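The values are calculated or read from the model by the stated rules, or taken from the named source; none is laboratory data. Note that the structure is predicted; figures quoted are calculated from it, not measured. Note: ideal-geometry Cβ built from the backbone for every residue, glycine included; neighbour counts use all protein chains shown.
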Amino acid sequence: MRDQDLDERISNWAGNVTFTAGRLHRPSTVAELRSLVAGARRIHALGTGHSFSRVADSPGDLVTVAGLPPVMDIDTTTSTVTVSAGLRYGELAQYLHDQGYALHNLGSLPHLSVAGACATGTHGSGVRNGGLATAVTSLELVTAGGELVTLARGEERFDAAVVGLGAFGVATRLTLELQPTFEVEQYVYDALPFDTLRDHFTEVMAVAYSVSAFTDWTGPTVRSVWVKRRTDEPLPPPTEWLGAVRADGPRHPIPGMPVENCTEQLGVPGPWHARLPHFRLEFTPSSGEELQSEYFVAREDAAAALEALDTVRDRIAPVLQICEIRTIAADRQWLSPAYGRDSVAVHFTWVKDAAAVTPVLGAIEERLAPFGARPHWGKVFEVAPEVVAERYPRLRDAAALARRHDPDGVFRNAMLDRYLAENAGG
């Protein structure tokens, strides 16, 4: 096992969070991990560090499972794959494609670890596509006492722990549903009128397998709409579509950033894993000079929520790099932002200036409050704990279950103490 004393504190990818833990452990076997957890007073799993909140922090130690032996074991009889928790999606996806398989969706970044992405509710887009954790059929983790347990679909603790924020243990392996591999064509459309997105939201978002709309909130048009069409779906929209025009060259979501970082566009067919993410695995998507926030509302409220945000565009635009609007299908995972309702996620990539961004978050959260907007756990937000508890219907149930299985709070941290509380709001 390789340990690192954190005399100089380490930070997340964006550098806005400096972890308070005094040591980072990198066990090379599950036995080492079990012994480590069993002897810890406070410990928390750290993924690739792409969260912008303190969800992965610890007042004691941090542990990464990236050093565990890599596993990619396909079961052809059940069409599933069992993977080591620290494996990155980009590495897994290439292997699956080579074997003739695919996952149902991927996030914007293929750089994320499987366990970390699932634990925080990471998602892609698509009106029929659930978040990444909806592919999980079983989860192996080390509990607070150092036991190795496997949770499967249908068990109560499974729906709490898959998007579990690290509160239920340290994941070691996950089993994911597969489907046959498929190809995708990606088209970008420029300058869709904002009114069209608002008034024809479902039509826009359902035009292909995965759709994202990007806006900077500065004018009457949405900067671009990224249409990711499976080649076995109906034909793509025409060159001119709903007032938008198909791009004549590759685009980056943020103007001025290098387009070579992005997955191939212009309708060139390619494997699912090379089109569904926005960014290529072989490139760093950006410098990390940013903050991110994201809020989920019911899909039926999309038009009204966009209209509400439009009233504060003059506050959003000056501190914004780009805003992405996506759809996510409802799921059953208690701490998922899409729990129980088909959702629309409005994602903000901000300039890296917390003092300037924080008051804007307040304005956004006020406008989205009538729609019961749920904040993404891995992003920055200002919503009060009692309000979060009301908007996540199973939050108190998840908190009680976590407390039952970790009575000493081995996996707790300041964020979980603040938001994952049985008595939140009551």
How many residues of the range 369-380 are in a loop (DSSP other than H, G, I, E, B) and buried (at least 19 other Cβ atoms within 10 Å of the Cβ)? The answer is 6
Name every residue in the range 272-321 that is of a type in the set (Phe, Trp, Tyr) and either farther than 19 Å from Thr48 by Cα or assigned to a loop (DSSP other than H, G, I, E, B) (or both), in order of residue number.
Trp272, Phe283, Tyr295, Phe296
Selection count, the range 340-371, where residues are of a type in the set (Phe, Trp, Tyr) and over 15 Å from Glu294 (Cα atoms)
0
Among the residues in the range 30-45, are any under 30 Å from Glu289 (Cβ atoms) and outside the structural domain of Trp377 (by TED's automatic domain parsing)?
yes
Can you find, within the range 201-229, the residue that is farthest from Tyr189 (Cα to Cα) among those that are among the charged types (D, E, K, R) and in contact (Cβ under 8 Å) with a residue 40 or more places away in the chain?
Asp216
Which condition does Ala14 not pass, out of (1) surrounded by fewer than 23 Cβ atoms within 10 Å (Cβ to Cβ); (2) closer than 30 Å to Ser293 by Cα; (3) touching a helix residue (DSSP H, G or I) at 6+ places or on another chain (Cβ under 8 Å); (4) of a type in the set (A, V, I, L, M, F, W, C), if it passes all the others?
(3)
Test each condition in (1) of a type outside the set (A, V, I, L, M, F, W, C); (2) at pLDDT 95 or above; (3) closer than 18 Å to Pro69 by Cα; (4) buried (at least 22 other Cβ atoms within 10 Å of the Cβ) for Ser113 and report the one that comes out false.
(2)
Matching entry among Ala167, Ala133 (being under 20 Å from His376 (Cα atoms), assigned to a helix (DSSP H, G or I), in contact (Cβ under 8 Å) with a residue 60 or more places away in the chain and not hydroxyl-bearing (Ser, Thr, Tyr))
Ala133
Look at the range 136-158 and say how many of its residues are part of a helix (DSSP H, G or I) and at pLDDT below 95.
2
Could you check the range 24-108 for strands (runs of 3 or more DSSP E) lying wholly inside it with 2 or more residues that are more than 23 Å from the chain's Cα centre (by Cα)?
72-75
More than 26 Å from Thr29 (Cβ to Cβ) and among the hydroxyl-bearing types (Ser, Thr, Tyr) - does that describe any residue in the range 85-99?
no
Checking Asp417 against (1) over 23 Å from Val63 (Cα atoms); (2) part of a helix (DSSP H, G or I); (3) not aliphatic (A, V, I, L, M), which single condition isn't satisfied?
(1)
